[in-house]
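The values are calculated or read from the model by the stated rules, or taken from the named source; none is laboratory data. What you see is a predicted model; the values in this text were computed from it and never measured. Methodologically, a virtual Cβ is constructed for each residue, glycine included, from the backbone with ideal geometry; neighbour enumeration extends over all protein chains shown.
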Amino acid sequence: MNLHYQTNDKGHLAIGGADALDLAQEYGTPLYVVDEMRVRENYRRVYQAFSQEYKKFQIFYAAKANTNLAVMRILEEEGSGIDAVSPGEIYTSLLAGFEPERILYTGNNITTTELEFALKSGVRINVDSVSQLQRLAELPRSDGLKISFRVNPMVGAGHHDHCITGGELSKFGIMEHEAVDVYNMALDLGFRPVGIHTHIGSGILDPEPFKLAVKVLMDVAGQVHGETGVNFEFIDFGGGLGIPYTPDEPQLEIETFAREITRLFKEKIYEYGLNNPTLCIEPGRYIVGDASYLLTRVNTVKQSYRKFVGVDAGFNTLLRPTMYGSYHHILVGDKPEARAQENLDVAGNICESGDLFARERPLPKIKEGDVLAIMNAGAYAFSMASQYNSRPRPAEVLVRKGEVDIIRERETFADLLSKQNLPVRLLK
Ligand code: LLP
């Protein structure tokens, strides 16, 4: 089993030293539980794997995976930078204590107002299109600005079509064959292009496409350097490092992966005479994915045409199974080691048939009142949650050595209405 979890002396699921059943009892369900040490361990594992191969290495944690302030504070303490995708993420990152220079803003189809916000915040802007470049050039104080470009290397990979961001169907980045012209244009407009970036997709367990993208990006960087004289301060290969979701999916061998990537990188630096740029990557899922569980309580066991286990969470709290058909392993809180006895459908409380956490899943005997723990709920889980069906979003707690802190209050009905206004003519 490649999935990571711990049990305590009662045989219950333990998260960061706390009993999952106690957490569910005390803080209510549905509940997101973040294991602080797991976030730190995951970060350190990637950092060490790469930095032991190449000293000038920087991680830009992809905040979109999990934007909880506490999680971001933890990663700031660890020394991470941020890959931000929106002004909201820039705002949150600054609040979490990240220096603007450690925030790389990679926006797609962003407005001039958003560019202005980024410029004023002092973050590094990673340009996605010629349109963005030209609009940035028109803003006051953009002269001499250090920028980078996102390049589509015509290689893509990911766990689902929606998550493949390289290749001819992708809306992201500039084309590799226009790179020299675009860097020249940037120089003519008075910018200082110092970086190059790519991100080919998300949920990658096979290193091959990633390696191919590294090769392509390095060749583009070499060509740009050769033909425009641009000196790269950093080269960023994006995120996408996958984690196992099913018990028998392989782990990404992070040390081998890091060794292969850095070897390619160093060969190309040498080949093109690049001046030891910083190697950057932007993992999101790899750092936070397996550090959280979604605890949910069974309220209904129903034999219909199939056997359903009904829980108090729905796709508004964890969209991935519904949106991508993603598998999320489910443990029974008081017996995570128990053997499967029957095939069950685990369904949520949202009024749509697609609201399923599992279909035909082999599970142990489950009864009403049981707490289920949905694994790998740290990445793209709360950050994609909604209030659909007027269901307030759940609370989040952070656990470390058995100590528990509420890091996000459970929403209330008032939160459902907080920004709504009733026109006077409709008042009763
Ligand atoms: N860098 C950029 C520019 C990105 O767009 C992303 C993710 C990342 C880094 C981090 O990727 P990661 O290491 O987490 O795979 N909602 C989907 C994933 C969408 C990812 C979007 N971009 C899911 O739940 O699988």
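Regarding the stretch 336-346, can at least one residue be identified that is β-branched (Val, Ile, Thr) and in contact with a Phe, Trp or Tyr (Cβ under 6 Å, 6 or more places away or on another chain)?
The initial filter retains those residues of the stretch 336-346 that are β-branched (Val, Ile, Thr), namely 346.
Add one more test, that the residue is in contact with a Phe, Trp or Tyr (Cβ under 6 Å, 6 or more places away or on another chain), and what stays is 346.
Yes, the stretch 336-346 contains a residue that is β-branched (Val, Ile, Thr) and in contact with a Phe, Trp or Tyr (Cβ under 6 Å, 6 or more places away or on another chain).
Mind checking which pairs have a first residue in the stretch 408-420 that is in the same structural domain as Pro30 (by TED's automatic domain parsing) and in contact (Cβ under 8 Å) with a residue 60 or more places away in the chain and a second that is surrounded by 13 or more Cβ atoms within 10 Å (Cβ to Cβ) and hydroxyl-bearing (Ser, Thr, Tyr), Cβ under 9 Å, 6 or more apart or different chains?
Listed pairs, sorted by first residue: Arg408/Tyr32; Arg410/Tyr27.
Please tell me if Asp405 is touching a residue at least 24 places away in the same chain (Cβ under 8 Å), in a helix (DSSP H, G or I) and either at negative phi or of a type in the set (Ser, Thr, Tyr) (or both). Reasoning before the result, please.
Values: touching a residue at least 24 places away in the same chain (Cβ under 8 Å): yes; in a helix (DSSP H, G or I): no; either at negative phi or of a type in the set (Ser, Thr, Tyr) (or both): yes.
No: the conditions fail for Asp405.
Quick test for you: out of Gln48, Gln58, pick the one residue that is among the polar types (S, T, N, Q), within 17 Å of the chain's Cα centre (by Cα) and either surrounded by fewer than 21 Cβ atoms within 10 Å (Cβ to Cβ) or over 19 Å from Phe382 (Cβ atoms) (or both). Break it down into steps so the answer makes sense when it comes.
On the way: Gln48 fails: within 17 Å of the chain's Cα centre (by Cα).
Just one listed residue meets the conditions, Gln58.
Would you check if Tyr272 is among the aromatic types (Phe, Trp, Tyr), out of contact with any Cys (no Cβ under 6 Å at 6 or more places or on another chain), modelled with pLDDT of 95 or more and more than 19 Å from Phe50 (Cα to Cα)? Outline the logic, then answer.
On the way: among the aromatic types (Phe, Trp, Tyr): yes; out of contact with any Cys (no Cβ under 6 Å at 6 or more places or on another chain): yes; modelled with pLDDT of 95 or more: yes; more than 19 Å from Phe50 (Cα to Cα): yes.
Yes: the conditions hold for Tyr272.
Return the residue satisfying two criteria in turn: it lies in the stretch 120-145 and is in contact with a Phe, Trp or Tyr (Cβ under 6 Å, 6 or more places away or on another chain) and part of a loop (DSSP other than H, G, I, E, B), and of such residues it is nearest to Glu178 (Cα to Cα).
My answer is Leu145.
Could you pull out the residue among Gly79, Gly11 that is surrounded by fewer than 16 Cβ atoms within 10 Å (Cβ to Cβ) and assigned by TED's automatic domain parsing to the domain that holds Ile110?
Values: Gly11 fails: assigned by TED's automatic domain parsing to the domain that holds Ile110.
After applying the criteria, what remains is Gly79.
Among the candidates Val151, Val155, which residue alone is away from the ligand (no atom under 13 Å from the Cβ), under 23 Å from the mean Cα position of the chain (by Cα) and either assigned to a strand (DSSP E or B) or in contact (Cβ under 8 Å) with a residue 40 or more places away in the chain (or both)? Reasoning before the result, please.
Values: Val151 fails: away from the ligand (no atom under 13 Å from the Cβ).
Only one candidate qualifies: Val155.
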